[in-house]
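To keep things clear, I will list the structure first and then write my remarks on it.
The values are calculated or read from the model by the stated rules, or taken from the named source; none is laboratory data. Predicted model, so just to flag it, every value in this text is computed and none were measured. Heads up, the Cβs are rebuilt from the backbone with ideal geometry, glycines too, and the neighbour counts pull from every protein chain shown. These accessible areas exclude ligands, DNA and RNA; they are computed on the full protein's heavy atoms, side chains included. Shrake-Rupley method; radii C 1.70, N 1.55, O 1.52, S 1.80 Å.
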Amino acid sequence: MISQTDDDIRLTEETDIPVIPVQPYHRPHVLQQVRGPLSPQLIELNDDTVIVGRSSEAQIRVPSSALSRTHMRIERYQGGYRAIDLDSSNGVYLNQIRINSAVLRDGDTIQLGNAVFIYHEGK
Amino acid sequence: MAFLVRFWGTRGSIPTPGRTTNRYGGNTSCVEVCIDEALFICDGGTGLRELGIDLMKRGSQSIVAHLLFSHMHWDHIQGFPFFVPAYIPSNTFYIYGTSPGDRRFHNLLSGQMRSDYFPVDFSELNADIRAVDLGNADRVIDGVRVRCMEQCHPGTSYAYSFEKGGRKVVYATDNEIDMTLPDAKAVQADLAAPRKIPDDLVAFVRDADLLIVDGQYTDEQYFPKHVGWGHPRATTAVDLAVQAGARQLAIYHHDPMQSDIQIDMKIAACRSRVQAFGSSLFVFAAREGIELRIDQ
């Protein structure tokens with residue numbers, strides 16, 4: 001049997017180590033277009049709302065007749081984004097599901113006509 | 001006509017927050033069905049809390065909603081005490097029993113707010129909360145035909161269907177369909193073979209545009225360990241949807257032990273089964289935060 005005495009216990013000595021301030025790493029939310037006109041491209045999402053469509057007024061413009069003029073809105077929601085179908089003709093598909101709206105999660109695939117995007121959550 | 005379905009909680013049994021369940025969500029059962037001006041809430045699991053927050057943001061001066069519960073197990077009622085609109089005097093909520101004069105669900109909901117369980121008593125909720133019933137399991141509410149059907153679950157549970165304008169959504173959770181199969185032994189002997197679903201359930205689901213159904217277990221999980229626990233194989237839900245001619249199938253009430261990746265695998269098995277049947281049914285995993293438009 002091993003006994004332990006006070007002499008065996010070594011306490012960590014107090015030191016004067018300053019706490020080093022750390023700059024948190026910030027990575028923006030990103031839409032990565034992987035298929036369709038103008039792909040491939042990476043689009044950082046910084047605005048509160050972003051319109052995707054074939055109109056020149058859309059912030060993310062996809063010149064394709066398969067998309068409506070204003071096809072989808074992306075808007076900030078609970079620290080991330082959600083996607084909303086703007087009554088488009090061909091719909092918004094999230095991971096193959098036709099949705100009216102959806103809160104986006106990292107790795108989601110969003111298809112509008114012949115354009116396909118992958119959503120990457122920032123931090 | 002606007003016919004929308006929103007998923008607020010898709011997990012079964014117990015909330016499962018965490019990184020591995022982030023995509024499909026960790027809140028327990030709660031689905032919102034909006035048909036024109038009519039608002040139906042199916043189950044009050046922890047997802048009901050977020051629905052309540054969202055309802056408050058929509059800016060309505062008075063919220064009127066019809067609450068339909070599959071049953072009263074914890075994962076279907078725990079969100080109710082945290083449902084903020086229930087505390088607002090101008091709002092009205094109808095809590096439905098499933099037969100004439102049935103007040104069980106209203107009474108059990110209020111019972112879970114006794115001081116032993118929760119600091120705020122049901123009587124302190126300021127909204128007008130009324131116990132009503134579905135009559136003989138078939139009633140028109142705000143222009144929507146609502147029907148219910150008893151299911152196979154410990155203590156029983158109920159499925160609901162919502163129909164208007166030729167569109168139909170069925171909410172059928174906590175139903176161990178496998179226990180009701182007339183040829184259960186043959187099913188276990190050959191899991192790939194079609195499973196004959198009871199006629200009454202097929203008729204209830206018939207031609208649904210969307211079937212939201214309990215698909216808690218994979219084939220491997222279900223037998224023999226979880227037989228009798230009140231939940232089916234997801235693949236049996238596929239057979240129900242195919243035999244009833246449903247258009248879309250949302251596998252719901254995910255097992256708390258299943259990660260997002262495991263749910264993906266469960267859905268892949270369901271899709272293989274659909275393909276083997278030569279069906280056009282679309283199967284997906286119910287997921288928090290998605291809204292589907294049924295009238296398209």
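Some notes on this structure:
- For the range B:38-50, a residue qualifies if it is surrounded by fewer than 24 Cβ atoms within 10 Å (Cβ to Cβ) and farther than 22 Å from B:Met1 by Cα, and the qualifying residues are B:Arg49, B:Glu50.
- Unmet requirement for A:Arg73, which otherwise passes all of (1) part of a loop (DSSP other than H, G, I, E, B); (2) in contact with a Ser or Thr (Cβ under 8 Å, 6 or more places away or on another chain); (3) open to solvent by 60 Å² or more (accessible area, probe 1.4 Å): (1)
- Residue within the range B:259-276 that is at the interface with chain A (Cβ under 10 Å from one of its Cβ atoms), open to solvent by 10 Å² or more (accessible area, probe 1.4 Å), part of a strand (DSSP E or B) and in contact with a Phe, Trp or Tyr (Cβ under 6 Å, 6 or more places away or on another chain) present: no
- Residue within the range B:86-97 that is within 14 Å of chain A (Cβ to nearest Cβ) and part of a loop (DSSP other than H, G, I, E, B) present: no
- Residue satisfying all of: in the range B:83-121; under 24 Å from the mean Cα position of the chain (by Cα) and over 26 Å from B:Ser161 (Cα atoms); least open to solvent (accessible area, probe 1.4 Å) among these: B:Met113
- Of the candidates B:Lys185, B:Lys196, the single residue that is at pLDDT below 95 and not hydroxyl-bearing (Ser, Thr, Tyr) is B:Lys185.
- Test for A:Ile97: is it open to solvent by less than 40 Å² (accessible area, probe 1.4 Å), free of Cβ contacts under 8 Å to residues at least 12 places away in the same chain and in contact with a Phe, Trp or Tyr (Cβ under 6 Å, 6 or more places away or on another chain): yes
- Qualifying residue in the range B:203-214 (condition: within 14 Å of another protein chain (Cβ to nearest Cβ) and among the β-branched types (Val, Ile, Thr)): yes
- Any hit, the range B:184-194, residues being assigned to a loop (DSSP other than H, G, I, E, B) and open to solvent by 90 Å² or more (accessible area, probe 1.4 Å): yes
- Complete set of residues in the range B:274-291 that are farther than 23 Å from B:Arg11 by Cα, touching a residue at least 60 places away in the same chain (Cβ under 8 Å) and not small (Gly, Ala, Ser): B:Phe277
- Residue satisfying condition, being open to solvent by 30 Å² or more (accessible area, probe 1.4 Å), farther than 20 Å from A:Asn114 by Cβ and without any contact (Cβ under 8 Å) to a residue 40 or more places away in the chain, within set A:Pro63, A:Pro40, A:Pro21: A:Pro21
- Flag if A:Gly107 is within 11 Å of chain B (Cβ to nearest Cβ), surrounded by fewer than 17 Cβ atoms within 10 Å (Cβ to Cβ) and either farther than 30 Å from B:Arg271 by Cβ or free of Cβ contacts under 8 Å to residues at least 60 places away in the same chain (or both): yes
- Among the residues of the range B:1-37, the ones that are more than 17 Å from B:Trp74 (Cα to Cα), crowded, with 18+ Cβ neighbours inside 10 Å and either away from chain A (no Cβ under 14 Å) or among the basic types (Lys, Arg) (or both) come to 2 in all.
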